[in-house]
Amino acid sequence: MSLFAFTNVRIFTGSAFIEHQHLLVEDQIILGLSDSIPETAIVIDGKQAVLAPGFVELQVYGGKGTLFTTEPTPEAIQKNYEEHLAGGTTQFQITYHTGPLTGMLAAIAACRTYRQQGGQGLLGLHLEGPYFNPVKRGAHLLSYIRQATIAELEQLVEAAGDLPLFLTLAPEEAAPDVLDWLLQSPIILSAGHSNATYPQAMQAFQQGIGLVTHLFNAMSPFNSREPGLLGAAFDSSVRASIIVDGIHVDFASVRIAHKIMGDRLFFITDAVTEDTRGEYKFSFNPITQRFEDESGTLSGSSLTLMQAVANAVEHVGIPLEEALRMASLYPAQIIGKDHQLGRIAAGYEASFVLFDPNFVLQGVYTQGAYRPFV
């Protein structure tokens, strides 16, 4: 067992910054903060970097030229892990686009195999679709959008076993008995790609849906006479993810949303990669500086969570402490992992990032090893 001591760092615990302390870690567990360094410790000089909890990503699609939807394999998950680890993400939910049942089952099988083979960082599978409102499908394929059935959902849950499932769906498209079944199932539900009216959305929240996927994007907007899903999210206690790249959502809109929602708002990247091998063909447009499908529809981001934190601080005006929580503690709370992740505290999993005052990632510690990037 290896004992590490991180020194010369400004430690963010998830609650506050701590100066002039050393962080002691043994393999994958945080031992705590200390005034002294044990003689047996491997010392890592952080060179005055900020040390903060590792980032938790609940919606990422691709990395290193491979979309998971196109290639639902353990190897594709590993590529995603490697690419997004370099952006500060130490734990993630791989995400599968709207597709056929066979593809969803293949995605589940790939995730289970990845975990069984000792694959690192995978928290679960996010199924974004296929139970959407077609008018808010975004870059998802219309041919696969359908209404949920209990029979199909039972197959997914049975196939998943102990693999956590996260599902984005349009609540107005779900039959009452199906929504009731889902809310009693182990699946974590989030409303998205939805054209729900304000009453429809509020009813879904009152029934038990507690999340909204990528606030502002692919949803009924806020209007004076019909507040829509966006207005319902503002006017309730639900939590919502948001993509802070300045493309999906204007920074002013992020600021307004955060003023209203506070700690109910958290970051995702919705990151994709350039991959035109399958039915989902995403390319980076150098003119618009965004990923688009063949029709020019915005189809994901090139964002990292480290960049999201920097954007939130520099362009939105969110304090650094809150921005770090939005990338770590809050998403960990969403999936019930905040007793393990999102804090620097004794007994927590040793997953954290080190970055300089310019938000340049210096390294990450996770899975019992330190990976320097500079």
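Could you check region 14-118 for strands (runs of 3 or more DSSP E) lying wholly inside it with 1 or more residues that are under 20 Å from PHE282 (Cβ atoms)?
Details: elements: 22-26, 29-34, 42-53, 55-60, 89-96.
Once the strands (runs of 3 or more DSSP E) in region 14-118 are filtered for at least 1 residues that are under 20 Å from PHE282 (Cβ atoms), what remains is 55-60, 89-96.
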Are there any pairs, at least 6 apart or on different chains, whose C-beta atoms fall under 6 Å, with the first in region 9-27 and modelled with pLDDT of 95 or more and the second open to solvent by 30 Å² or more (accessible area, probe 1.4 Å) and of a type in the set (Val, Ile, Thr), and if so, which? ILE11/ILE18; HIS22/ILE37
Inside region 323-336, can you point out the residues that are out of contact with any helix residue (DSSP H, G or I) (no Cβ under 8 Å at 6 or more places or on another chain), buried (at least 18 other Cβ atoms within 10 Å of the Cβ) and not β-branched (Val, Ile, Thr)? SER328, LEU329, PRO331, ALA332, GLN333
Which listed residue, of VAL212, VAL249, is open to solvent by less than 10 Å² (accessible area, probe 1.4 Å), more than 28 Å from ALA110 (Cβ to Cβ) and of a type outside the set (Lys, Arg): VAL249
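Can you tell me which residues in region 177-195 are part of a loop (DSSP other than H, G, I, E, B) and under 18 Å from HIS140 (Cβ atoms)?
Listed by number, the residues that qualify are GLY192, HIS193, ASN195.
Looking at this structure, is GLU154 open to solvent by 30 Å² or more (accessible area, probe 1.4 Å) and among the charged types (D, E, K, R)? Reasoning before the result, please.
Working: open to solvent by 30 Å² or more (accessible area, probe 1.4 Å): yes; among the charged types (D, E, K, R): yes.
Against the criterion (open to solvent by 30 Å² or more (accessible area, probe 1.4 Å) and among the charged types (D, E, K, R)), GLU154 qualifies.
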So, GLU83, is that one under 28 Å from LEU265 (Cα atoms), at pLDDT 95 or above and open to solvent by 50 Å² or more (accessible area, probe 1.4 Å) or not? yes
I'm checking my understanding of the structure. Among residues of region 123-151 that are open to solvent by 20 Å² or more (accessible area, probe 1.4 Å), hydrophobic (A, V, I, L, M, F, W, C) and assigned to a loop (DSSP other than H, G, I, E, B), which one is farthest from GLY278 (Cα to Cα)? ILE145
Given (1) open to solvent by less than 10 Å² (accessible area, probe 1.4 Å); (2) outside any strand (DSSP E or B), where does PHE222 come up short, assuming only one miss? (1)
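Return the residue satisfying two criteria in turn: it lies in region 260-302 and is among the basic types (Lys, Arg) and within 21 Å of the chain's Cα centre (by Cα), and of such residues it is farthest from ALA240 (Cα to Cα). Lay out the reasoning, then the answer.
Step one: of region 260-302, the residues among the basic types (Lys, Arg) are 264, 277, 281, 290.
From the residues that got through so far, the ones that are within 21 Å of the chain's Cα centre (by Cα) too are 264, 290.
Details: ARG264: 6, ARG290: 23 Å.
Once the filter is applied, the top-ranked residue is ARG290.
Please state which one of GLU321, GLU294 is of a type in the set (D, E, K, R), modelled with pLDDT of 95 or more and out of contact with any His (no Cβ under 8 Å at 6 or more places or on another chain).
Numbers: GLU294 fails: modelled with pLDDT of 95 or more.
Going through GLU321, GLU294 in turn, just one is of a type in the set (D, E, K, R), modelled with pLDDT of 95 or more and out of contact with any His (no Cβ under 8 Å at 6 or more places or on another chain): GLU321.
The rows are residues; the columns are (1) more than 20 Å from ALA271 (Cα to Cα); (2) charged (D, E, K, R).
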{"site": "GLU294", "(1), (2)": "no, yes"}
{"site": "THR297", "(1), (2)": "no, no"}
{"site": "THR304", "(1), (2)": "no, no"}
{"site": "GLN307", "(1), (2)": "no, no"}
{"site": "GLU321", "(1), (2)": "yes, yes"}
{"site": "GLY336", "(1), (2)": "yes, no"}
{"site": "LEU341", "(1), (2)": "yes, no"}
{"site": "ALA345", "(1), (2)": "yes, no"}
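The values are calculated or read from the model by the stated rules, or taken from the named source; none is laboratory data. Bear in mind that the values here come from a model prediction, so they are computed numbers and not experimental data. Cβ sites come from the backbone with ideal geometry, for glycine too, and all protein chains shown count toward neighbours. Keep in mind that these areas ignore ligands, DNA and RNA; they rest on the heavy atoms of the full protein, side chains included. Shrake-Rupley method; radii C 1.70, N 1.55, O 1.52, S 1.80 Å.
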